[in-house]
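**Q** Sharing a structure here in structure tokens format.
The values are calculated or read from the model by the stated rules, or taken from the named source; none is laboratory data. Quantities reported herein were computed from a predicted structural model and do not represent experimental measurements. So basically every Cβ, Gly included, is an ideal-geometry build from the backbone, and we count neighbours across all protein chains shown.
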């Protein structure tokens, strides 16, 4: 990652055409499950459960630790191989430990490696993975 020191986060990450979402949450919160849902929509796996994040080129970049690259846990099934990308630009973080209750929430950010990253909380409902996918595809019309 261009020589920038990487920070290892307890997080999963998936990407759509190089734009990635960082999925944060405690053990058992559903990080891998959400990653699998987004992969079913066409995302590529970046990493599962642990993600290396580094600042470079004015952006945040996610990559997998080599020991777990191309593997994802499917709870109740086991560790599955998956096509993956070695590096993707983070554009959003999703916090599965918090639940969003506002219909139109205020914009939030999280600081990772000294760079602000837009942050959303889990939304209860079937549309949450599809909403994240649409954000990856098109971004947001509201400045984040």
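**Q** Given (1) surrounded by fewer than 18 Cβ atoms within 10 Å (Cβ to Cβ); (2) in contact (Cβ under 8 Å) with a residue 60 or more places away in the chain, where does residue 102 come up short, assuming only one miss?
**A** Condition not satisfied by residue 102: (2).
**Q** Within the range 25-79, track down each residue that is assigned to a strand (DSSP E or B), in contact with a helix residue (DSSP H, G or I) (Cβ under 8 Å, 6 or more places away or on another chain) and surrounded by fewer than 18 Cβ atoms within 10 Å (Cβ to Cβ). Walk me through it before giving the result.
**A** Here is the first cut: in the range 25-79, the ones assigned to a strand (DSSP E or B) are 44-47, 51-56, 59-63, 71-74, 78-79.
In the following step, the residues that additionally are in contact with a helix residue (DSSP H, G or I) (Cβ under 8 Å, 6 or more places away or on another chain) were identified as 45, 47, 72-74.
Within the range 25-79, just 74 meets the criteria.
**Q** Now for a separate question. Quick one: how many residues across the range 32-47 are within 12 Å of residue 22 (Cβ to Cβ) and free of Cβ contacts under 8 Å to residues at least 40 places away in the same chain?
**A** 2
**Q** Would you mind finding the one in 89, 98 that is part of a strand (DSSP E or B), under 19 Å from residue 16 (Cα atoms), out of contact with any helix residue (DSSP H, G or I) (no Cβ under 7 Å at 6 or more places or on another chain) and at pLDDT 95 or above? Before the answer, list the steps.
**A** Numbers: 98 fails: under 19 Å from residue 16 (Cα atoms).
Just a single option satisfies the conditions, and that option is 89.
**Q** Taking residue 110, is it modelled with pLDDT of 95 or more and either in a loop (DSSP other than H, G, I, E, B) or over 19 Å from residue 9 (Cβ atoms) (or both)? Give the derivation first.
**A** Details: modelled with pLDDT of 95 or more: yes; either in a loop (DSSP other than H, G, I, E, B) or over 19 Å from residue 9 (Cβ atoms) (or both): no.
No: the conditions fail for residue 110.
**Q** Against the conditions (1) more than 22 Å from residue 124 (Cα to Cα); (2) surrounded by fewer than 20 Cβ atoms within 10 Å (Cβ to Cβ); (3) in contact with a strand residue (DSSP E or B) (Cβ under 7 Å, 6 or more places away or on another chain); (4) modelled with pLDDT of 95 or more, where does residue 5 fall short? Just the number, please.
**A** Condition (4) is where residue 5 drops out.
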